[in-house]
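Trainee: This structure is in structure tokens; I'll ask about it shortly.
The values are calculated or read from the model by the stated rules, or taken from the named source; none is laboratory data. These numbers were taken from a predicted model, which means no experiment stands behind them. No Cβ is skipped: glycine too gets one built from the backbone with ideal geometry, and neighbour counts run over all protein chains shown. Side chains included, ligands, DNA and RNA excluded: accessible areas come from the protein's heavy atoms. Shrake-Rupley method; radii C 1.70, N 1.55, O 1.52, S 1.80 Å.
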Amino acid sequence: MRDRYAIILAAGKGARMESNNPKAAKVSFPVLGKPLINYSIDAVKPLVKQIFVVVGYGAESIVPLIGDKATIVEQKEILGTGHAVMQVLPYIKDKDIDVVILNGDTPLLTTDTLKKIIHKYEKNENKLTICTTVLEKPQGYGRVMREKPSYKIKSVIPSAELTEDEDYDINEINSGIYIVDNKLLQHYLPLLNKDNKKNEYYLSDIVKLFTDDSHLVEAYVLEDAADIFNINDRIQLAYAAKVMRKRVNQKLMLSGVSIEDPDTAYISPEAIIGKDTVIGPNTHIIGKCVIGENNFIGPNAGLYNVKMGNNNVVVGRYLENVTVKDNEKIMVK
């Protein structure tokens, strides 16, 4: 089995986030206290040998969040997703690897989903596999064009390039997740052009380059579209937080943690909580908290980067960057 490298695209401005902070890149915004970019890194990390993150706008807000988790590559001119991947080509030249490409603004993407996409690519010995899903309202996404009657993939049309009929008649969308043979990526990516409405290099145009040269391109079609939900504005950010909160709370409850009101418990996916701990209503546990067993936290408690032993009670208090030993009671007086 060949090594895999990952390229995460994180250079976009995120203008629809409507931030007054000129240094705030979209992927630096948090979901349950965890930046968007770190969700993408953590999802792909178990599956690859090395990760590259392509940054551009607001790079200074992203680099500290990444630390040593990935190699930073700068896209000095923001000329599209294809151009972003081009910036990484010199780092992986002549390597006999497969390349996983994904976006930095998809916090609901899981390692399990990526594993399934990679499995199909390797099982069928493809040179390029894309991830797609079918949406009832696909507007705003690139669309997958298939041949009839073979149903083979022919191309991917970016949203900005769709005709009105294509926009409303085709429901299979491109997720922006690819796994591709590096040798062919090195060959085809420099062939992209900017002859389009946005004057950008579209990464999705490599699909047609592959199929025009008789390379079979297959799709892993996701049943749960939430996995590839990307963030463009604060409404979508809040929706992602809602879905993530449900996932986190259910996982904790199935592991032996009691959450009295899951709708009002906000718990970071990075938190570790021991068995028989009870989380009361209106409780926030954010950051890299490590909480032992048989604790009672809440109601109306907030913990941020707290380490806690066993058999503690915290009611109505906010704790930050502290260590709580066993058998302590910390309550509103």
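Okay, residues lined up against (1) of a type in the set (Gly, Ala, Ser); (2) crowded, with 23+ Cβ neighbours inside 10 Å; (3) within 28 Å of residue 30 (Cβ to Cβ):
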site	(1), (2), (3)
95	no, no, no
101	no, yes, yes
104	yes, yes, yes
114	no, yes, yes
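Trainee: Something else: Exactly one of (1) in a loop (DSSP other than H, G, I, E, B); (2) open to solvent by 20 Å² or more (accessible area, probe 1.4 Å); (3) touching a Leu at 6+ places or on another chain (Cβ under 6 Å) is unmet by residue 230. Its number?
Mentor: (3)
Each row is one residue, and each column tells you yes or no for (1) part of a loop (DSSP other than H, G, I, E, B); (2) hydrophobic (A, V, I, L, M, F, W, C); (3) open to solvent by less than 10 Å² (accessible area, probe 1.4 Å).
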site	(1), (2), (3)
173	no, yes, yes
179	no, yes, yes
186	no, no, no
196	yes, no, no
200	yes, no, no
205	no, no, no
209	no, yes, no
220	no, no, no
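Trainee: What strands (runs of 3 or more DSSP E) completely inside segment 59-139 contain at least 3 residues that are hydrophobic (A, V, I, L, M, F, W, C), closer than 16 Å to residue 174 by Cβ and in contact (Cβ under 8 Å) with a residue 24 or more places away in the chain?
Mentor: 97-103, 128-134
Trainee: Of the residues 223, 260, 270, 218, which is out of contact with any Leu (no Cβ under 7 Å at 6 or more places or on another chain) and at pLDDT below 95?
Mentor: None of the other options fit; the residue is 223.
Quick grid of which residues meet (1) under 15 Å from residue 225 (Cα atoms); (2) more than 16 Å from the chain's Cα centre (by Cα):
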site: 106; (1), (2): yes, no
site: 112; (1), (2): yes, no
site: 117; (1), (2): yes, no
site: 121; (1), (2): no, yes
site: 126; (1), (2): no, yes
site: 139; (1), (2): yes, yes
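Trainee: Got a sec? Which of 258, 175, 214 is within 26 Å of residue 286 (Cβ to Cβ) and either touching a Lys or Arg at 6+ places or on another chain (Cβ under 7 Å) or of a type in the set (Ser, Thr, Tyr) (or both)?
Mentor: Answer to the check: 258.
Trainee: Also, I was wondering about something else. Filter segment 237-271 down to residues that are part of a helix (DSSP H, G or I) and among the β-branched types (Val, Ile, Thr) and give me whichever is nearest to residue 29 (Cα to Cα).
Mentor: Among residues in segment 237-271 that are part of a helix (DSSP H, G or I) and among the β-branched types (Val, Ile, Thr), the one nearest to residue 29 (Cα to Cα) is 243.
Trainee: Please identify the pairs in which a residue from segment 1-20 that is in contact (Cβ under 8 Å) with a residue 40 or more places away in the chain has its Cβ atom under 6 Å from the Cβ atom of a residue that is surrounded by fewer than 17 Cβ atoms within 10 Å (Cβ to Cβ) and part of a strand (DSSP E or B), counting only partners at least 6 apart or on another chain.
Mentor: Cβ pairs passing all conditions: 5/50.
Trainee: If you scan segment 301-318, which residues turn out to be over 16 Å from residue 273 (Cα atoms) and either of a type in the set (Phe, Trp, Tyr) or surrounded by 17 or more Cβ atoms within 10 Å (Cβ to Cβ) (or both)?
Mentor: Residue satisfying the conditions is 318 alone.
Trainee: Among the residues of segment 7-26, what is the count of those that are within 24 Å of residue 286 (Cβ to Cβ) and open to solvent by 10 Å² or more (accessible area, probe 1.4 Å)?
Mentor: 8
Trainee: Among the numbered criteria (1) modelled with pLDDT of 95 or more; (2) over 30 Å from residue 122 (Cα atoms), which single criterion is violated by residue 18?
Mentor: With (1) modelled with pLDDT of 95 or more; (2) over 30 Å from residue 122 (Cα atoms) applied to residue 18, the lone miss is (1).
Trainee: Just checking, how many residues over segment 22-38 are farther than 22 Å from residue 6 by Cα and in contact (Cβ under 8 Å) with a residue 40 or more places away in the chain?
Mentor: Going through segment 22-38 one residue at a time, the tally reaches 3.
Trainee: In segment 56-71, is there at least one residue being of a type in the set (Ser, Thr, Tyr), open to solvent by 10 Å² or more (accessible area, probe 1.4 Å), within 22 Å of residue 288 (Cα to Cα) and modelled with pLDDT under 95?
Mentor: Yes, that holds for at least one residue.
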